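The values are calculated or read from the model by the stated rules, or taken from the named source; none is laboratory data. Being a predicted model, the structure only gives us computed values, none of them experimental. Cβ placement follows ideal geometry from the backbone for every residue including glycine, while neighbour counts extend to all protein chains displayed. Ligands, DNA and RNA are excluded from the accessible area calculation, which covers all protein heavy atoms including side chains. Shrake-Rupley method; radii C 1.70, N 1.55, O 1.52, S 1.80 Å.
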Amino acid sequence: MRASASALGRVVRWVWVATGVLILVTVGSTTFLVTQGRSNALREGDDRLRGLVAAAETDINRSLVSVDLTLAGLPRLLSAAALTGGFDVEKAQVLLAELQDRQIAFGNITLVDESGQTITSALRATRRSDLELPVGFYDGVFASPLPTLAVFGPLRGRASGERSLLFARR
């Protein structure tokens with residue numbers, strides 16, 4: 001009887017050892033799988049985020065190029081308002097208003113001279129009041145001898161309170 005009790009005790013111990021080993025293997029495997037899953041999720045999230053940032057950057061660049069091309073085309077557009085020895089401000093206002101209606105990127109298009117005086121604007125209200133341009137605006141726009149796009153802002157609009165960017169091209 002004593003031999004069978006001793007054998008039974010050994011079997012019970014081996015069962016407990018095997019159970020402990022299985023528990024340790026299960027805990028280790030689970031920890032490994034959770035760690036790998038977390039790493040994969042972080043990597044996939046990082047890849048998605050990088051893709052979204054790249055797409056946003058491309059969209060912003062495309063919008064900036066569109067604004068630049070539109071501003072670069074203003075002299076040609078406004079040549080229709082040229083008069084012998086002058087400039088038809090009313091016709092220029094109509095042309096700018098039509099351009100603004102076709103461009104979602106612009107809240108207003110204003111033509112100013114080098115001293116900051118408003119010549120004409122797509123919005124009649126802006127024509128009646130001079131723009132409050134940021135300090136250094138003209139230095140930034142007219143500093144380069146080459147025509148380039150200058151971006152200022154964000155600025156808070158006087159009437160709407162909205163933040164917006166100011167684009168200029170010499």
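A few notes on this one:
- The accessible surface of the chain, taken with every protein chain in place and a 1.4 Å probe, is 61 percent carbon and sulfur.
- Note on SER63 and ALA41: with the Förster distance fixed at 30 Å, the Cβ-Cβ geometry gives a FRET efficiency of about 0.40.
- Helix 2-72 axis, angle to the chain major axis (alpha carbon atoms, nearest 10°): 10
- Think of a 1.4 Å ball rolled over the protein heavy atoms: the range 27-170 then has 70 Å² of accessible area per residue.
- On the basis of the beta-carbon distance and an R0 of 41 Å, ARG13 and LEU33 show a calculated FRET efficiency of 0.85.
- Comparing ILE119, ILE109, ILE23 in a Gaussian network model of the chain where C-alpha atoms under 10 Å apart are linked, the largest mean-square fluctuation is found at ILE23.
- Using alpha-carbon coordinates, inclination of helix 89-102 to the longest axis of the chain, degrees: 20
- Cα gyration tensor shape for the range 19-170, rounded if a/c is under 1.5, else prolate or oblate: prolate
- The slack in the chain from VAL151 to VAL94, taken as 0.36 nm per residue of separation less the alpha-carbon distance, amounts to 18.0 nm.
- In this Cβ point-charge picture (+1 for Lys and Arg, -1 for Asp and Glu), the chain has a dipole of about 1260 debye about its Cα centre.
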